[in-house]
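Participant: Please find one structure pasted underneath; my questions will follow.
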């Protein structure tokens, strides 16, 4: 287990347009004790502007991992939180930064977790938000809510550090050693396999229209992401889906002799 739960948190920047923002974000992370940076399709990286803005945090840039898609970047993550400034009409209310930080810290007991930031101009797309279990939003001034990427990273970095240094109990169920990890949080890949299985089964039963599945499947994603099933529960759910696909016909057991003692006759 990591010495600090912050070591299990990765910060993911998606489609960052200006390399200076990557460097500034790296500096903001190091100040708060976060060192793991993943980049999805950055427009310019590596870049001297990123190095200049990172100042003493250049090692974070050198160790940053680059991916072609958000799905690949969070495949190994037990829990993923996406940042968004846009109101959505599907899903749960976005968490405040402090609430998101506490939830991420708690989830680190199950493994790697991710906090995802979209590109400067458009943020995260709906498809990218589908990769996230929950969303979070900075309650900025509604008259001017344009927040610089590095500033947003700094806000969440501070909230994560504040949550990490505060004392808190960890539930035994969240301990990866508890019951040989049977109740640990599933990885992003395992959740995606479940969602694919769920959609396939519901299309097979006719519940989902295969020509237009997205709206309903997004609502179902929100439901199960909010529930946060552990690995044991996820296996139960997949077993239920399999039983729908391939029903088992069980014979009813014969009742044994009645063991209820006879009532005494009135004397």
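Taken together, the values in this text are just the output of simple stated rules run on the coordinates, not laboratory data. Everything numeric here is computed off the predicted structure, so don't read it as measured data. With ideal geometry, Cβ positions are generated from the backbone for all residues, glycine too; neighbour counts draw on all protein chains shown.
Participant: Nearest-5 percent of antiparallel DSSP beta bridges in region 5-165? Don't skip to the end; give the middle numbers.
Facilitator: Working: 1 of 22 bridges.
Percentage antiparallel, nearest 5: 5.
Participant: Out of all Cα-Cα pairs in region 5-165, roughly what percent, to the nearest whole number, are more than 24 Å apart?
Facilitator: Counting every Cα pair in region 5-165, those more than 24 Å apart make up 26 percent.
Participant: If I take every Cα pair under 8 Å that is 6 or more residues apart in region 186-245, average their sequence separation and divide by the length, what percent do I get for the relative contact order? Provide the component values of the computation, followed by the final result.
Facilitator: Working: 21 pairs, mean separation 32.4, N = 60.
Over region 186-245, the number comes to 54 percent.
Participant: Using the per-residue mean of other Cβ atoms lying within 10 Å as a proxy for protection, in what order, highest first, do the peptides 32-38, 240-246 fall? If you can, show how the numbers build up before the last one.
Facilitator: On the way: 32-38: 19.3, 240-246: 11.9.
Listed from highest to lowest mean packing, they are 32-38, 240-246.
Participant: Run the Debye formula on the Cα coordinates of region 186-245, all scatterers equal and no solvent, and tell me log10 I(q)/I(0) at q = 0.14, 0.19, 0.27, 0.29 1/Å.
Facilitator: After summing over all Cα pairs, the log10 values are -0.37, -0.68, -1.25, -1.34.
Participant: Within 10 Å, count the other beta carbons around each residue, average over each peptide in 58-68, 103-113, 186-196, and list them highest first.
Facilitator: Details: 58-68: 15.0, 103-113: 22.0, 186-196: 17.8.
Top of the packing list down: 103-113, 186-196, 58-68.
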